[in-house]
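So the structure is just underneath, and the comments pick up after that.
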Amino acid sequence: MLSRGQATRERIIEAARTVFSRQPYHSASIRMIAAEGEFEHGIIRYHFPSKAILFETILKDICRDIEDASAAWLSQAADMRAEAGLEFYLEELFVFYDERPESLKIIALNLPQDSGEEPIPGYEYIIGMLQGTLENVKKNFPPTTPPELTLRFQDAFNALVMHYLGASYCQAMVLGLPPKSSEYKDWVKKSMVMIFSPMLRSIYRAGREAAT
């Protein structure tokens, strides 16, 4: 059972995740988070001395959860045929998204960074998560797969996940579907399978050719 202080800290994090999923880091404020959680502004400052520390705490947890979950899904899909493994991975991704929809939204809102400005707090966790998932994908592709193919596959996959799920409202409105509906998720799944199944077949074929 959580102590009173721990419970308050979790409430702050929950409220902050909601606010940060609606507003990019630089637009969100501690006062918005206090209003969302219905507690005094000073309580947040007691547990998290700055917005930067609070945001970095949340981003670190999100990126760790995504990388760990992705590694587990890839491990389970390792013995499946390429297309079946892709469908399994997507199904697990949808479950993750349903349980924590704000996670991908927070990343999607804060991905754009100008090279001339200081990155948002914790931006290195996003980079580390993307690098970590790439390494996990490499482990599950044939060892002779050309690195460039693996990188292109994972980069394109991540980009579409962020578009379809991290920015789901926009794409769902284009399609005329409710963003959280099963119809929208089915559309996303079929689109991802259509796009990435040929890429997977090409990768496995290239891996076999490189091995001979």
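Show me the GluC sites (Glu not before Pro) within region 116-212 that DSSP assigns to loop and that have at most 15 other Cβ atoms within 10 Å of their Cβ.
Values: sites: 117, 124, 135, 148, 183, 209; in loops: 117.
In loop regions of region 116-212 (DSSP not H, G, I, E or B), the sparsely surrounded GluC sites (Glu not before Pro) are 117.
Among 51/138; 139/185; 51/139; 139/189, which pairs are too far apart, with a Cα-Cα distance over 26 Å?
With Cα atoms farther than 26 Å apart: 51/138; 139/185; 51/139.
Projecting each Cα onto the charge dipole of the chain (Lys/Arg +1, Asp/Glu -1 at the beta carbon, about the Cα centre), which of 167, 26, 48 comes out farthest on the positive side?
167
Using +1 on the beta carbon of Lys and Arg, -1 on that of Asp and Glu, and nothing else charged, what's the dipole of the chain about the Cα centre, debye to 20? Working shown, then result.
Numbers: 23 positive and 28 negative charges, 23 e Å.
The dipole magnitude comes to about 100 debye.
On the Cα set of region 1-49, report Rg and Dmax in Å, please.
Every Cα atom of region 1-49 included, Rg and Dmax give 10.6, 35 Å.
What's the FRET efficiency of residue 35 with residue 134 using the Cβ-Cβ distance as r and R₀ = 45 Å, to the nearest 0.05? Walk me through the intermediate numbers first.
On the way: r = 39 Å, r/R0 = 0.86.
Efficiency, from the Cβ-Cβ distance: 0.70.
For region 6-108, which GluC sites (Glu not before Pro) pass both filters: DSSP loop (anything but H, G, I, E, B) and at most 13 other C-beta atoms within 10 Å? The partial results should precede the final answer.
On the way: sites: 10, 14, 36, 38, 40, 56, 67, 83, 87, 91, 92, 99, 102; in loops: 38, 40.
Filter output for region 6-108: 38, 40.
Count charges around residue 191 for me, please; just the other residues with Cβ under 15 Å from its Cβ, Lys/Arg as +1, Asp/Glu as -1. Before the final figure, lay out each step's value.
On the way: positive: 185, 189, 190; negative: 83, 87, 91, 183, 186.
Result for the local shell: -2.
With N set to the number of residues, divide the alpha-carbon radius of gyration of region 5-122 by 2.2 N^0.38 Å and report two decimals.
Cα Rg divided by the expected 2.2 N^0.38 Å: 1.25.
Net charge near residue 81: determine it from the other residues with C-beta under 13 Å of the C-beta of residue 81, scoring Lys and Arg +1 and Asp and Glu -1. Walk me through the intermediate numbers first.
Numbers: positive: 201; negative: 79, 83, 87.
That sum, taken over residues with Cβ under 13 Å, equals -2.
Using only C-alpha positions, report the orientation-averaged shadow area of the convex hull of the chain, nm², one decimal. Before the final figure, lay out the partial values.
Working: hull surface 55.4 nm².
For the Cα atoms of the chain, the hull's average projected area reads 13.9 nm².
Which whole-Hz ³J(HN,Hα) couplings does region 34-41 yield from phi under the Karplus relation 6.51 cos²θ - 1.76 cosθ + 1.60, θ = phi - 60°, glycine and proline marked x?
Rounded to whole hertz, the list is 4, 5, 5, x, 6, 9, 5, 3.
Between beta-carbons, use under 15 Å as the cut-off and find the net charge around residue 71, counting Lys and Arg +1, Asp and Glu -1. Walk me through the intermediate numbers first.
Details: positive: 64, 138, 139; negative: 65, 67, 68, 92, 135.
Overall, the nearby charge balance is -2.
Please state the shape class of region 85-183: rounded when a/c is under 1.5, otherwise prolate if a/b exceeds b/c and oblate if not, all from the C-alpha gyration tensor.
Numbers: a/c = 1.97, a/b = 1.14, b/c = 1.72.
Here region 85-183 falls in the oblate category.
Every read-out reported here was derived from the displayed coordinates using simple, explicitly stated rules and does not represent laboratory data. Just so we're clear, the structure is a prediction, and the values are computed from it rather than from any experiment. We place every Cβ from the backbone using ideal geometry, glycine too, and count neighbours over all the protein chains shown.
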